[in-house]
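The values are calculated or read from the model by the stated rules, or taken from the named source; none is laboratory data. Since this is a predicted model, take the numbers as computed values, not measurements. Just the protein is used for accessible areas: all its heavy atoms, side chains included, with ligands, DNA and RNA removed. Shrake-Rupley method; radii C 1.70, N 1.55, O 1.52, S 1.80 Å.
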Amino acid sequence: MALTLISCNKSPAPFAKPHINSQSTSASSPAATRKKTKKIIHRAEECLHFSGEFGGDQSERDKEVSQEMDKLRCDTIAADLNKLNQQLPKDSPLAPKVKALLREYQN
């Protein structure tokens with residue numbers, strides 16, 4: 001009986017956290033892939049827009065445009081689009097937009 005009472009005073013063991021497989025997270029879901037693709041497309045479009053505003057005269061506006069392009073990481077957008085183009089399923093509705101943007105950056 002004394003052993004039973006002693007064992008009742010012990011706190012229960014904490015529950016172990018379940019192991020989450022990285023492949024089962026939403027990051028690999030089609031919705032997450034679509035969201036990532038749309039973000040890259042938006043970045044690419046913004047970079048194209050700002051590149052058209054850059055005058056090259058070192059004006060105050062050029063400095064602002066340059067800062068925005070740095071925030072958007074425009075220096076890596078062509079590589080990002082290329083990688084996305086390789087990873088995106090050919091039947092994706094976003095594939096034509098990615099290919100069109102890649103052509104813009106290759107010109």
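So here's what we get for this one:
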{"read-out": "Thr33 accessible area, assembled protein chains, probe 1.4 Å, Å²", "value": "60 Å²"}
{"read-out": "Where Asp80, Asp62, Asp75 fall by accessible area, highest first, once all protein chains stay in place (1.4 Å)", "value": "Asp75, Asp80, Asp62"}
{"read-out": "Arg61 accessible area, 1.4 Å probe, all protein chains in place, Å² to nearest 10", "value": "100 Å²"}
{"read-out": "Per-residue ³J(HN,Hα) for the range 92-97, Karplus 6.51 cos²θ - 1.76 cosθ + 1.60, θ = phi - 60°, Hz, x for Gly and Pro", "value": "5, x, 8, 4, x, 5"}
{"read-out": "When each of Lys63/Lys83; Lys35/Lys99; Lys36/Lys71; Lys63/Lys97; Lys35/Lys71 is checked by Cα-Cα distance, pairs over 22 Å", "value": "Lys63/Lys83; Lys63/Lys97"}
{"read-out": "Relative contact order (%) - criterion: Cα under 8 Å, at least six apart; region: the range 30-105", "value": "34 percent"}
{"read-out": "Set of aspartates and glutamates near Lys38 by C-alpha distance (under 14 Å), chain-local residues within fewer than 8 positions excluded", "value": "Glu46, Asp80"}
{"read-out": "Accessible surface of the range 30-105, 1.4 Å probe, proportion on carbon and sulfur as whole %", "value": "51 percent"}
{"read-out": "Area accessible to solvent at Ser92, 1.4 Å probe radius, in Å²", "value": "20 Å²"}
